[in-house]
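Input: a single structure, listed below in structure tokens.
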Amino acid sequence: MLSGKIEEKINTPIPTFKETYAISAQDALLTGKFKQTTYDESQGFSKDAYWHKLSFPKVTTPNAEKSIYLGLNYYVIEHLDFYLFHGSQLQAQWKRGALENWQGGTPHYEGIWIPILLSDHDDTTLLIRKQGNSPLLTPFKLFDNKRAETKKEQKLIFWTFIISSLAILLAHNVFVFILLRQPGFIYYLGLNIVIFIALSVVTGFNRWIFSEEVSQWIIKNLFVIFGIGAWILFRFSLRFLKEVQIPSPESLIRKYGDSIFITFLIFTQLLSVKNVAFLFAAIEIFMFLICTYWGIKAYVKGFIAVRFYLFSWFFLIIGSILNTLIFWKILPINFITESILPVFSILQLLGFSFAFADKAKQFERNRKLQALTDSPTGLPNRTYYFSKLPALVAEMAKNPPQLALIMIDISNYQTLCQAFGPAKADSAISEVIQNIQRQLINMEGILSFPLPNKNSYKVIRITATNIILISTKPEQIKQQILHIQEILDAPTLVNKIHFRHQYKIGSALYPSQGLDLDKLYQNALIANHSVSYSSGSWVAFTDNLKSNHAHQLGLITQLTNDIEHEKLYFHIQPQVKLVDRSIIGGEVLIRWHNEHLGQVSPAEFIPLAEQTGLIYKLTDMLFEKVFHWTSEHPKALSLQSLSINISALDLLQEGFAKRVIDQLQTYHLAASKFTIEITETSIFQNNDIVHDNVKQLHQAGFRLAIDDFGVGYSSMQNLVALETDELKIDQFFVMNLLNDSQSQTLCRNMIDLCKALNIVSVAEGIESEEILQLLKQWQCQVGQGYHLYKPMSPTDYLTLLDEKVPPLSAPTNRA
Ligand code: C2E
Ligand code: MG
Ligand code: MG
């Protein structure tokens with residue numbers, strides 16, 4: 001047992017004196033300058049030194065303990081030497097840096113335990129010399145052997161726990177984060193290192209790691225280390241929150257944050273330690289406030305990983321505040337307060353590593369979500385349809401439920417793309433799809449598709465232009481589709497033009513028309529494709545469609561092959577001047593006879609060629625054939641002219657006009673002998689490519705006609721924009737002329753319009769004399785139809801010209 005007297009020693013002020021010139025330990029022992037006065041305490045290194053004296057009376061009781069321990073606190077950042085005297089005889093000394101003595105031969109860190117062997121003949125004195133500008137700052141305690149042993153053990157366990165936790169955490173994080181390639185990881189690692197260095201010097205285990213000089217430098221520049229730590233944390237925060245755009249890339253803190261820390265580091269070299277400590281506290285509070293603010297903002301934005309980040313900040317700031325209080329001696333140094341720094345450091349590092357792990361998890365969730373969604377719209381995608389939908393359908397109450405798959409295809413993507421470029425076309429299509437989603441979100445009877453992010457949608461986007469809805473009330477499909485059509489028919493604004501999308505809707509029933517989603521999809525797709533050959537915009541699947549579809553596929557294969565081998569040919573349908581029925585020329589009409597399919601109508605294969613892009617080759621081939629034929633039979637053009645049909649897609653192709661003009665020139669033909677017929681569409685307005693092509697064709701001398709005027713998309717603007725020379729009134733009006741007054745009115749108006757604009761009027765589909773007479777009466781200029789002449793082979797056309805047009809007659813003009 002330690003005698004009460006000895007224990008009291010630590011509670012009374014220790015006799016101290018200030019050394020003004022260097023003296024030896026012996027001189028210090030003999031000096032009478034020791035006084036029990038207290039000095040102002042400050043921290044720092046100086047040439048000054050202070051001597052402290054602890055005296056113990058000789059041990060007289062026979063069985064009394066002869067050795068005790070002086071236990072220093074962990075906050076040893078002072079330069080201390082110890083000298084043990086029995087009487088005036090120096091027994092042992094331990095100097096700062098003399099590690100082998102401090103360790104007392106054991107491999108453990110025991111630097112703070114100074115053994116005092118008490119004498120039984122003499123008084124025992126321990127002199128402590130502190131090199132510094134103040135007396136002892138660190139409290140110490142005296143322990144008997146047994147208590148010292150338990151204390152040592154406790155501290156050893158505590159430090160083993162702290163250091164191994166730190167090491168395990170660090171190793172784990174290094175491994176995980178290198179694997180995950182987390183941004184900001186380097187900063188996280190830097191933070192760990194700085195905390196490790198700071199802990200080592202504050203608690204004293206730096207002696208094991210750094211040389212005496214390095215330790216001294218670190219202790220002197222502790223706030224430089226803290227400042228670097230704070231800067232690393234700042235950078236770490238920027239990287240960690242980067243994905244949620246917090247702080248915003250233009251914010252001042254992002255631009256000038258680094259300079260705050262540089263300024264602080266400069267100040268550490270200029271100001272006193274206390275002032276620097278004060279400045280550092282200010283920076284720490286500022287960082288705490290701003291990072292907490294960012295963290296909360298990011299959390300609100302749905303960045304869940306930030307919760308552990310905030311947790312870390314809490315411990316970091318509380319730990320710092322408590323440490324500052326200890327530093328300023330507002331809090332006492334005891335086991336609890338001295339544990340705050342290491343424990344909070346671990347908690348804080350732990351928090352950051354959880355934040356990383358959380359972020360990695362969120363990445364993984366996002367990756368999974370990305371795999372299931374379409375990126376521009378966030379709607380479920382094709383993978384969702386095939387991987388998630390089957391489970392969703394299987395879960396439905398009625399099993400199997402009665403469903404209908406509605407497939408919508410926005411069919412004007414290609415034209416949009418050619419007219420406005422792919423970027424605008426993409427966004428126009430995304431816009432219309434999102435509009436459908438918005439308008440259907442509250443509609444009952446349409447299945448909702450939940451995503452892992454808890455959002456749910458009514459639309460699955462299969463491809464850029466193709467979407468799917470699932471009706472849970474197939475009996476109401478008519479009304480549902482009507483509603484969808486209304487949404488789709490509303491014009492949208494593309495490039496400042498009110499644009500009406502073209503679309504196709506196909507539907508198929510589950511389970512009767514597809515037992516699994518794969519089959520259902522296939523059948524809805526067939527129905528969807530069949531819209532091209534039907535009058536409306538919606539086709540419901542039937543078994544017949546399936547064979548039709550197979551037929552179309554065959555058609556495309558054959559057509560590709562026959563275009564390749566130039567097996568298509570043309571007929572000519574004569575056109576006459578209505579006043580005297582003289583032949584003024586003819587319309588070239590393409591014909592296709594396939595060895596397997598027989599004769600196929602252009603009305604059937606031209607739309608297919610347009611859909612598959614074969615149309616460009618087809619048009620080129622036709623021009624080539626017509627120019628070649630006319631160059632060999634100049635008679636066909638001597639008094640008459642020829643009209644050639646092109647597709648709207650041709651005019652939307654850059655360089656189309658130039659190609660035609662070049663072809664024409666190789667045959668030395670006059671462009672004025674040809675009229676090019678175009679069926680108009682809405683994309684012609686304000687389109688630069690169309691405008692360029694039209695301009696070049698006109699300049700070369702070609703005439704332009706608008707075909708099928710009055711049906712589909714007709715606009716007065718086009719008549720002007722295309723600088724039309726001729727207007728062909730659609731057969732529909734001409735055929736119904738006798739029994740439909742509306743057709744009569746429209747027909748007459750179109751003829752009048754032509755007169756007013758000085759455009760040639762052509763009536764197609766004249767099937768009877770009555771109609772012809774009526775048109776003649778209304779002063780329609782040109783006519784074409786079965787009643788006059790049917791389309792015929794070029795040879796027949798030449799023979800007809802020979803018969804009908806006497807060689808010496810005057811040239812016939814269209815107008
Ligand atoms: P279109 O340009 O309006 O051609 C007139 C169509 O009406 C031709 O059908 C012609 O045979 C038919 N027709 C002429 N007179 C009468 C009549 O009195 N009664 C009836 N019921 N029909 C008559 P065809 O040859 O089957 O061509 C259909 C459409 O295919 C054409 O309509 C045109 O849009 C397109 N087409 C034909 N040849 C070509 C071509 O070489 N290139 C392109 N891009 N399209 C072509
Ligand atoms: Mg035509
Ligand atoms: Mg026509």
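Hey, can you tell me all the residues within region 608-629 that are open to solvent by 40 Å² or more (accessible area, probe 1.4 Å) and not hydroxyl-bearing (Ser, Thr, Tyr)?
GLU610, GLN611, LYS617, ASP620, GLU624, LYS625, HIS628 - these are the residues of region 608-629 that are open to solvent by 40 Å² or more (accessible area, probe 1.4 Å) and not hydroxyl-bearing (Ser, Thr, Tyr).
So that you can scan it fast, the table gives a plain yes or no per residue for (1) open to solvent by less than 30 Å² (accessible area, probe 1.4 Å); (2) at positive phi; (3) aliphatic (A, V, I, L, M); (4) part of a helix (DSSP H, G or I):
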site: THR160; (1), (2), (3), (4): no, no, no, yes
site: SER165; (1), (2), (3), (4): yes, no, no, yes
site: GLN182; (1), (2), (3), (4): yes, no, no, no
site: ILE197; (1), (2), (3), (4): no, no, yes, yes
site: VAL214; (1), (2), (3), (4): no, no, yes, yes
site: TRP217; (1), (2), (3), (4): no, no, no, yes
site: VAL224; (1), (2), (3), (4): yes, no, yes, yes
Identify, from the list LEU578, LEU597, the residue that is in contact with a Cys (Cβ under 7 Å, 6 or more places away or on another chain) and away from ligand 1 (no atom under 12 Å from the Cβ).
LEU578
Any chance VAL626 is over 28 Å from SER768 (Cα atoms) and within 14 Å of ligand 1 (Cβ to nearest atom):
yes
Just the residues that are assigned to a helix (DSSP H, G or I) and either within 57 Å of the chain's Cα centre (by Cα) or within 11 Å of ligand 1 (Cβ to nearest atom) (or both), please, taken from region 753-777.
LEU753, CYS754, ALA756, LEU757, ILE771, LEU772
Given (1) modelled with pLDDT of 95 or more; (2) within 16 Å of ligand 2 (Cβ to nearest atom); (3) buried (at least 17 other Cβ atoms within 10 Å of the Cβ), PHE733 misses just (1)
Output the qualifying pairs, or none if there are none: Cβ atoms under 9 angstrom, residues six or more apart or on different chains, first residue in region 277-288 and acidic (Asp, Glu), second residue assigned to a helix (DSSP H, G or I).
GLU284/PHE226; GLU284/ALA230; GLU284/LEU316; GLU284/ILE317; GLU284/SER320; GLU284/ILE321; GLU284/THR324
Within the group TYR797, TYR786, which residue is within 14 Å of ligand 1 (Cβ to nearest atom), of a type in the set (Ser, Thr, Tyr), part of a helix (DSSP H, G or I) and not assigned by TED's automatic domain parsing to the domain that holds HIS498?
TYR797
Name the residue that is farthest from the chain's Cα centre (by Cα), counting only residues in region 672-686 that are open to solvent by less than 10 Å² (accessible area, probe 1.4 Å) and modelled with pLDDT of 70 or more.
PHE674
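Tell me, yes or no, whether region 445-457 has at least one residue that is among the basic types (Lys, Arg), part of a loop (DSSP other than H, G, I, E, B) and open to solvent by 20 Å² or more (accessible area, probe 1.4 Å). Before you say what the answer is, go through the steps one by one.
Start the filter on region 445-457 by keeping residues that are among the basic types (Lys, Arg), which leaves 454.
In the following step, the residues that additionally are part of a loop (DSSP other than H, G, I, E, B) were identified as 454.
Still in the list and also open to solvent by 20 Å² or more (accessible area, probe 1.4 Å): 454.
Yes, because at least one residue in region 445-457 is among the basic types (Lys, Arg), part of a loop (DSSP other than H, G, I, E, B) and open to solvent by 20 Å² or more (accessible area, probe 1.4 Å).
Return yes when ILE228 is buried (at least 18 other Cβ atoms within 10 Å of the Cβ), assigned to a helix (DSSP H, G or I) and not polar (S, T, N, Q) and no when it is not.
Values: buried (at least 18 other Cβ atoms within 10 Å of the Cβ): yes; assigned to a helix (DSSP H, G or I): yes; not polar (S, T, N, Q): yes.
When the stated conditions are applied, ILE228 passes them.
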Failed item, numbered, when ASP708 is tested on (1) open to solvent by 20 Å² or more (accessible area, probe 1.4 Å); (2) under 30 Å from LYS635 (Cα atoms); (3) outside any strand (DSSP E or B); (4) within 14 Å of ligand 2 (Cβ to nearest atom):
(3)
Against the definition (within 16 Å of ligand 2 (Cβ to nearest atom) and buried (at least 17 other Cβ atoms within 10 Å of the Cβ)), how does ILE689 come out, yes or no?
no
Mind counting the residues in region 606-654 that are at pLDDT below 90 and within 16 Å of ligand 3 (Cβ to nearest atom)?
3
Somewhere in region 270-279, is a residue in a helix (DSSP H, G or I) and within 21 Å of PHE363 (Cα to Cα)?
no
State whether one or more residues within region 447-463 are in contact with a strand residue (DSSP E or B) (Cβ under 7 Å, 6 or more places away or on another chain) and within 17 Å of ALA527 (Cα to Cα).
yes
First in region 600-615 and under 19 Å from ASP708 (Cβ atoms), second anywhere and more than 16 Å from ligand 3 (Cβ to nearest atom) and among the aromatic types (Phe, Trp, Tyr), Cβ under 9 Å, 6 or more apart
SER601/TRP592; PRO602/TRP592; GLU604/TYR533; PHE605/TRP592; PRO607/TYR533; ALA609/TYR616
For GLU632, work out the one condition from (1) open to solvent by 30 Å² or more (accessible area, probe 1.4 Å); (2) under 20 Å from ARG703 (Cβ atoms); (3) among the charged types (D, E, K, R) it doesn't fulfil.
(2)
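The values are calculated or read from the model by the stated rules, or taken from the named source; none is laboratory data. What you see is a predicted model; the values in this text were computed from it and never measured. Cβ: placed from backbone, ideal geometry, glycine included. Neighbour counts: every protein chain shown. What goes into the accessible areas is simple: the full protein's heavy atoms, side chains included, and nothing from ligands, DNA or RNA. Shrake-Rupley method; radii C 1.70, N 1.55, O 1.52, S 1.80 Å.
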